[in-house]
């Protein structure tokens, strides 16, 4: 990737006025998403008082993509505009996994769910035109031990986890278990502050191991799914 590296200090806050770059798609804590005329997606910082934090998060997000490099499970990055602190990336036409399942859960076959579990174990998930899973949105993440500007929700956090504590590998594996549970059931754990019965769910044993910190690597899940798909 020949795109220049980020310079967080150089990403100064600009004026409060913001002009649209394309067709509005969505927005989040770290910025605004628009579809460019060419069909790519651009993420731009919020204007005004939220600008400083927004620019920091997008700059960190780009730095993470640059550090990770190209991977089949990561969305492609096409351009980094240092002056505007804007990140151009590939557009994922089927949106995010959660929204897709909430609408089309009854039509999704088990084999497709297992493929998603395998793909999730390789790394906010988005779906491409072939319903392939890709990882996106690293805004608010920790990079090289830096303090994250966001934290996971209760369903994705180890019981008793304090949001002030630095993230760990076990935190990520617990969240992976929750993600697998949602993929397989379209359900949410922690209802009434209790874990659900997963004894009859495909991958249930691995979900349990993720939730009980008995798994050390997502590679174990990937290898298991690969053996049965």
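Computed from the coordinates by the stated procedures, all read-outs in this text should not be read as laboratory data. For clarity, every value in this text was computed on a predicted model and none was experimentally measured. FYI the Cβ positions are ideal-geometry reconstructions off the backbone, even for glycines, and counts take in every protein chain you see.
What to note about this one:
- The gain in end-to-end length when the residue 104 to residue 83 segment is fully stretched comes to 3.5 nm, 0.36 nm per residue minus the alpha carbon separation.
- Cβ-Cβ FRET estimate between residue 209 and residue 23, R0 fixed at 45 Å, reported to 0.05: 0.55
- Normalised by the number of residues in the range 23-89, the mean separation of alpha-carbon contacts (under 8 Å, six or more apart) gives a relative contact order of 28 percent.
- Global geometry of the range 23-89, whether rounded, prolate or oblate, following the gyration tensor of its Cα atoms and the 1.5 cut on a/c: oblate
- Counting neighbouring beta carbons within 10 Å and listing from fewest to most, the residues 62, 19 come out as 19, 62.
- On the basis of the beta-carbon distance and an R0 of 25 Å, residue 111 and residue 220 show a calculated FRET efficiency of 0.75.
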